[in-house]
Amino acid sequence: MKKKILSLKELSERTYGLASGHRACAGCPFPSIVKMILGSSDYPVVVANATGCLEVVTTIFPYTAWPVPWIHSAFENVAATISGVETAFKALQNKGVMPADRKVNFVAFGGDGGTYDIGLQSLSGAMERRHNFLYVLYDNQAYMNTGIQRSSATPFGAHTTTSPAGKVIPGKVQHRKDITEIVAAHDIPYAAQASPSHWGDLIRKARRAFEIEGPKFIAVISPCVPGWGYDESESIELARLAVETCFWPLYEIDNGIYKLNYKPKNKLPVKVWLEKQARFKHLLDKPELIDEIQNKIDEKWKKLLWLDGKKVED
């Protein structure tokens, strides 16, 4: 049976999520992302959180903005931590300590370090072991919490403190990893990309993930005011433009079947997105580099259009 779509009013009344009083930067979208993800659950949630911006700004001792059971992990092991919690819960059920029919949703949150880089081994292991949890990546595309250093999530050409644009290099010289495809290659039942600008799509994907037994993964783009360099009022607009330019396509892989969830009527050139961010300002007079970024986006988009809705052969 399909779950009903949550209205904004219903979502706002859910107690799972993030409380007010955290210290996230003005304009940061990940508090809204967390609230949308956890508010999509019809059952109690347990959260594990990798070191990073989200952990730091929500748990400055002696305060916490988490009204749900929450555990902090190092950069490298949040997936292992939530795996242990989920396994302990099953053990308690097997021993009769916990009712066998009790339902709890286990969720891990991680940023670039906890997902793309330092935590990738732990995430891969948890996926391969088929633990029943949802991993949510809030993708702000650099190590923002420790000084805006480049990561393997950082796009080609972006200026960071460790890939500074100048006479030697034009920002980061490598293209970013396609983390959604890397995780999907573990043959997990559900993987998806989402954006806070398309909140209905994000909530639907979270609810779909919570329906499924086994490991699930949702990558959510999360613009960063100081790291990307834009006005604090523009976060959702930047997330929207990432979707409209197909830099961040909205799609899901549900039991091996690809589905594009949004196809822009008029696909915008990536320059429209780049020119709004200070981290790319040095590219605006280098059309050959913008063309390289555009070509990479177009290749991925063509591939997704081909994969969209294709049926599995018998």
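The values are calculated or read from the model by the stated rules, or taken from the named source; none is laboratory data. Being a predicted model, the structure only gives us computed values, none of them experimental. Heads up, the Cβs are rebuilt from the backbone with ideal geometry, glycines too, and the neighbour counts pull from every protein chain shown.
Which residues, taken from the stretch 139-155, are part of a loop (DSSP other than H, G, I, E, B) and in contact with a Phe, Trp or Tyr (Cβ under 6 Å, 6 or more places away or on another chain)? Before the answer, list the steps.
Taking the stretch 139-155 and keeping what is part of a loop (DSSP other than H, G, I, E, B), we get 140-142, 144-148, 150-155.
S151, S152, A153, listed by residue number.
If you go through the stretch 51-95 one residue at a time, how many are outside any loop (DSSP other than H, G, I, E, B) and of a type in the set (S, T, N, Q)? Spell out how you get there, then give the answer.
Residues of the stretch 51-95 outside any loop (DSSP other than H, G, I, E, B): 53-58, 70-73, 78-94.
Now drop any that are not of a type in the set (S, T, N, Q), which leaves 58, 73, 81, 83, 87, 93-94.
Summing the residues that are outside any loop (DSSP other than H, G, I, E, B) and of a type in the set (S, T, N, Q) in the stretch 51-95 gives 7.
With respect to V183, determine if the residue is in contact (Cβ under 8 Å) with a residue 24 or more places away in the chain and either of a type in the set (A, V, I, L, M, F, W, C) or surrounded by fewer than 17 Cβ atoms within 10 Å (Cβ to Cβ) (or both). Break it down stepwise before answering.
On the way: in contact (Cβ under 8 Å) with a residue 24 or more places away in the chain: yes; either of a type in the set (A, V, I, L, M, F, W, C) or surrounded by fewer than 17 Cβ atoms within 10 Å (Cβ to Cβ) (or both): yes.
Considered against the rule, which asks whether it is in contact (Cβ under 8 Å) with a residue 24 or more places away in the chain and either of a type in the set (A, V, I, L, M, F, W, C) or surrounded by fewer than 17 Cβ atoms within 10 Å (Cβ to Cβ) (or both), V183 comes out as yes.
Tell me, yes or no, whether the stretch 226-244 has at least one residue that is under 24 Å from F156 (Cα atoms) and part of a loop (DSSP other than H, G, I, E, B).
Of the stretch 226-244, the ones under 24 Å from F156 (Cα atoms) are 226-232, 234-244.
So of that shortlist, the ones also part of a loop (DSSP other than H, G, I, E, B) come out as 230-231.
Within the stretch 226-244, one or more residues are under 24 Å from F156 (Cα atoms) and part of a loop (DSSP other than H, G, I, E, B).
Go through the stretch 238-279 and give me each residue that's among the hydrophobic types (A, V, I, L, M, F, W, C) and closer than 28 Å to P189 by Cα.
Pass one, the stretch 238-279, residues among the hydrophobic types (A, V, I, L, M, F, W, C): 238-239, 241-243, 246-248, 250, 253, 257, 260, 268, 270, 272-274, 278.
The answer is A239, A242, V243, C246, F247, W248, L250, I253, I257, L260.
Does W301 count as modelled with pLDDT of 95 or more and part of a helix (DSSP H, G or I)? Break it down stepwise before answering.
Numbers: modelled with pLDDT of 95 or more: yes; part of a helix (DSSP H, G or I): yes.
Taking the combined requirement at face value, the residue satisfies it.
Can you tell me which of (1) under 20 Å from C53 (Cβ atoms); (2) touching a helix residue (DSSP H, G or I) at 6+ places or on another chain (Cβ under 6 Å); (3) surrounded by fewer than 24 Cβ atoms within 10 Å (Cβ to Cβ) is the one Y190 doesn't meet?
Of (1) under 20 Å from C53 (Cβ atoms); (2) touching a helix residue (DSSP H, G or I) at 6+ places or on another chain (Cβ under 6 Å); (3) surrounded by fewer than 24 Cβ atoms within 10 Å (Cβ to Cβ), only one is false for Y190: (1).
Taking the options R150, R130, name whichever one is in contact with a Gly (Cβ under 7 Å, 6 or more places away or on another chain) and of a type in the set (D, E, K, R).
Being in contact with a Gly (Cβ under 7 Å, 6 or more places away or on another chain) and of a type in the set (D, E, K, R) holds for just one of R150, R130, which is R130.
Conditions tested, residue by residue: (1) polar (S, T, N, Q); (2) within 23 Å of A142 (Cβ to Cβ); (3) at pLDDT 95 or above; (4) assigned to a loop (DSSP other than H, G, I, E, B).
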site	(1), (2), (3), (4)
I182	no, yes, yes, no
D187	no, no, yes, yes
A191	no, yes, yes, no
A209	no, no, yes, no
G214	no, no, yes, yes
A219	no, yes, yes, no
P223	no, yes, yes, yes
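Just give me the residues in the stretch 253-279 being of a type in the set (F, W, Y) and in contact with a Pro (Cβ under 9 Å, 6 or more places away or on another chain), in sequence order.
At the first step, the residues of the stretch 253-279 found to be of a type in the set (F, W, Y) are 258, 262, 273.
Y262, the sole residue that qualifies.
Of everything in the stretch 113-129, what is closer than 11 Å to S151 by Cα and of a type in the set (A, V, I, L, M)? Give them in sequence order.
Of everything in the stretch 113-129, just one residue is closer than 11 Å to S151 by Cα and of a type in the set (A, V, I, L, M), namely I118.
Take the stretch 90-110 and flag every residue that is under 17 Å from N132 (Cβ atoms) and in contact (Cβ under 8 Å) with a residue 40 or more places away in the chain.
Within the stretch 90-110, the first condition is being under 17 Å from N132 (Cβ atoms), and the residues that meet it are 90-94, 98-109.
Passing the criteria: K103, V104, N105, F106, V107, A108, F109.
Being in a loop (DSSP other than H, G, I, E, B) and either touching a residue at least 12 places away in the same chain (Cβ under 8 Å) or touching a strand residue (DSSP E or B) at 6+ places or on another chain (Cβ under 8 Å) (or both) is the filter here; which residues of the stretch 167-180 pass it?
At the first step, the residues of the stretch 167-180 found to be in a loop (DSSP other than H, G, I, E, B) are 167-169, 171-178.
Hits for the stretch 167-180 are I169, G171, K172, V173, Q174, H175, R176, K177, D178.
Run D101 past the list (1) touching a Ser or Thr at 6+ places or on another chain (Cβ under 9 Å); (2) surrounded by fewer than 15 Cβ atoms within 10 Å (Cβ to Cβ) and report the number of the one that doesn't hold.
So the condition that D101 fails would be (1).
Using beta carbons and a limit of 6 Å, which pairs, at least six apart or on different chains, have the first residue in the stretch 258-285 and in contact (Cβ under 8 Å) with a residue 40 or more places away in the chain and the second one β-branched (V, I, T)?
Correct list of pairs: L283/I290.
Could you look through the stretch 193-206, keep only residues that are out of contact with any Leu (no Cβ under 7 Å at 6 or more places or on another chain) and buried (at least 19 other Cβ atoms within 10 Å of the Cβ), and pick out the one that is nearest to I148 (Cα to Cα)?
Here is the first cut: in the stretch 193-206, the ones out of contact with any Leu (no Cβ under 7 Å at 6 or more places or on another chain) are 197, 199-200, 202, 204-206.
Cutting the leftovers down to buried (at least 19 other Cβ atoms within 10 Å of the Cβ) gives us 197, 202, 204-206.
Details: S197: 23, L202: 26, R204: 32, K205: 29, A206: 29 Å.
It comes out as S197.
Could you list, in sequence order, the residues of the stretch 3-50 that are among the basic types (K, R) and part of a loop (DSSP other than H, G, I, E, B)? If you could, list the steps in order and put the result at the bottom.
Of the stretch 3-50, the ones among the basic types (K, R) are 3-4, 9, 14, 23, 35.
Answer for the stretch 3-50, where residues must be among the basic types (K, R) and part of a loop (DSSP other than H, G, I, E, B): K3, K4, R14, R23.
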